[in-house]
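The values are calculated or read from the model by the stated rules, or taken from the named source; none is laboratory data. This is a predicted model, so every value here is computed, not measured. Every residue, glycine as well, gets a Cβ built from its backbone with ideal geometry; the counts of neighbours run over all protein chains shown. Side chains included, ligands, DNA and RNA excluded: accessible areas come from the protein's heavy atoms. Shrake-Rupley method; radii C 1.70, N 1.55, O 1.52, S 1.80 Å.
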Amino acid sequence: MSSQKDHATTGGAPHGSHREEVLMQAIVQNGYGSTNVFNLAKIPRPKIAENEVLVRVRAAGLDRGTWHMMAGRPYLMRVIGFGFRRPKNPVPGIDVAGTVAEVGSAVTKFAVGEPVYGMSRGSFAEYAPVLEAKLADKPANLTFEQAAVVPISAGTALQALCDSGHVEQGQKVLVLGASGGVGSFAVQLAKALGAEVTGVCSPGKQDFVRSLGADHVIDYTRDDFVDGSHRYDLILDIGGNPTLARLRRALAPTGTAVVVGGEEGGDWTGGLGRSLRAPLLSRFVSQRLTMLASKERGSDLDRLSGHFQSGTVTPSLDRTFSLAEVPEAIRYLAAGDVRGKVAITVSTEEGRS
């Protein structure tokens, strides 16, 4: 395989010119099912559009969405355009961190060689195309593995807290799923914004959630957050399954509940049904119930940059796996043992291609 220097050109090859096809290693998914749908293969290096950046991947992040895309569930995701029999994009992975290898002709914010991170289309590969609007400069104090686990999860936490939840200093915030990817960022962000934070997690993860800065921790197997002893100004329900009625009983009379996701609800809709019911019910009660349809934006990474640089928010990196170990990484994630995030190390040497 040729080196980065040979192919790291600005603006791509001239229109109509011949360019030898260059191969790269990537994880390829040609169907839905268990981890056996993933194969490590050599495929053509992707070409970029004029508004895209080609990133030489140093590390990729793994989130629950990758599992859903592997399994093809809920089935509704296939119907709405992700691919009926197989994923439209055969290379999985969204979160990416690496260096700029090539820029499209319309790109103005980034140059070849710069360390960046963001949201790509296919990050489980040696090279990944990224829209300029979904990319940001990598904070200098984060490793590539740390940066790779930020974009989707930290961006979702930011949008849930600030854009949907309108969190304010001094408010009491409850985070359901506090030990997970989004939750670990949400706890830290809420504390950085001056809230009093209670985290809900599974047995054995209380110390981890406390280490994130949570003021109070609830083990959901022993205690009920809806016991009447506390009411919260803001609840982030991240991948949980409580009914909307239970969420309301834990809310202050004019509090806000943001349903970020859910793993219940059946194979067809998953947790989407509960998410859609939340804003409908909100019209008839004093409390505000809303769902979050998170957006992939590089501007959110810019908003988060100061928190990373100051150390008020730090990515919680549980384990790293190699590109060949992606199936093992997903099994580890699905087992529910992860504290924070998991990263995939793709390249460790700057000159490798």
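Descriptive notes on the structure:
- Within the range 155-194, the residues that satisfy the criterion of being among the hydroxyl-bearing types (Ser, Thr, Tyr) and either at pLDDT below 95 or buried (at least 24 other Cβ atoms within 10 Å of the Cβ) (or both) are 156, 179, 184.
- Summed over the range 181-201, residues that are more than 11 Å from residue 157 (Cβ to Cβ), in contact with a strand residue (DSSP E or B) (Cβ under 7 Å, 6 or more places away or on another chain) and not in a strand (DSSP E or B) total 2.
- Every residue from the range 272-300 that is open to solvent by 60 Å² or more (accessible area, probe 1.4 Å), touching a helix residue (DSSP H, G or I) at 6+ places or on another chain (Cβ under 6 Å) and either of a type outside the set (Lys, Arg) or touching a residue at least 40 places away in the same chain (Cβ under 8 Å) (or both): 294, 296
- Selected residue (criterion: nearest to residue 68 (Cα to Cα)) from residues of the range 260-291 that are among the aliphatic types (A, V, I, L, M) and modelled with pLDDT under 80: 272
- Selection count where residues are at pLDDT below 90 and assigned to a helix (DSSP H, G or I), scope the range 232-251: 0
- Extreme residue, farthest from residue 166 (Cα to Cα), among residues of the range 219-261 that are under 25 Å from the mean Cα position of the chain (by Cα) and open to solvent by 60 Å² or more (accessible area, probe 1.4 Å): 220
Matching residues to (1) over 20 Å from residue 124 (Cβ atoms); (2) open to solvent by 30 Å² or more (accessible area, probe 1.4 Å); (3) at pLDDT 85 or above:
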{"site": "16", "(1), (2), (3)": "yes, yes, no"}
{"site": "22", "(1), (2), (3)": "no, no, yes"}
{"site": "31", "(1), (2), (3)": "no, no, no"}
{"site": "36", "(1), (2), (3)": "no, yes, yes"}
{"site": "40", "(1), (2), (3)": "no, yes, yes"}
{"site": "51", "(1), (2), (3)": "yes, yes, yes"}
{"site": "64", "(1), (2), (3)": "no, yes, no"}
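- Listed by first and then second residue, the pairs with beta-carbon distance under 8 Å, at least 6 apart or on different chains, first residue in the range 99-128 and under 17 Å from residue 22 (Cβ atoms) and in contact (Cβ under 8 Å) with a residue 24 or more places away in the chain, second assigned to a loop (DSSP other than H, G, I, E, B) and of a type in the set (Lys, Arg), are 126/45; 127/45; 128/121.
- Count of residues meeting criterion [in a helix (DSSP H, G or I) and either at pLDDT below 95 or within 15 Å of the chain's Cα centre (by Cα) (or both)] in the range 311-323: 0
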